[in-house]
Amino acid sequence: MLITFHTDAYADITMFGDVALNLLKLMGHSATVPGAILAADVPAALERLRAGVAAAVPESGDAAGNDADEQPVSLAHRALPLIQLLEAAVAAKSDVMWDQ
């Protein structure tokens, strides 16, 4: 499943469903799709997401079975496009929506 985030202030962002649902939970929202955040609530969601990403424990790069050339993608890297979308929505006072 893919989830796409939309706002009038930024280009659409599409993510794998499991990652997007995890980020939605960090923002303080349920894992319901479709969904939306009103413009007035976007700043608080952005701060919760930043705090959740900062508190996330980085994955070990030396786990058994990992190829030495392949490094796991951290939650911080996965969250960056959504953080940028939320920042643009805050600046433009725009709602944020997501769907499949």
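Could you look through region 1-29, keep only residues that are under 13 Å from the mean Cα position of the chain (by Cα) and assigned to a loop (DSSP other than H, G, I, E, B), and pick out the one that is surrounded by the most Cβ atoms within 10 Å (Cβ to Cβ)?
Per the stated criteria, the residue is MET27.
Which of the residues spanning region 52-78 are assigned to a loop (DSSP other than H, G, I, E, B) and either modelled with pLDDT of 75 or more or open to solvent by 100 Å² or more (accessible area, probe 1.4 Å) (or both)?
ALA56, VAL57, PRO58, GLU59, ASP62, ALA64, ASP69, GLU70, GLN71, PRO72, VAL73, SER74
Among the residues of region 1-10, is there at least one that is touching a strand residue (DSSP E or B) at 6+ places or on another chain (Cβ under 7 Å) and at pLDDT below 95?
No, region 1-10 has no match at all.
The values are calculated or read from the model by the stated rules, or taken from the named source; none is laboratory data. Computed from a predicted structure; not experimentally measured. A quick note on method: Cβ atoms are made from the backbone with ideal geometry, for glycine too, and the neighbour counts reach across all protein chains shown. Note: areas computed on protein heavy atoms with side chains; ligands, DNA, RNA excluded. Shrake-Rupley method; radii C 1.70, N 1.55, O 1.52, S 1.80 Å.
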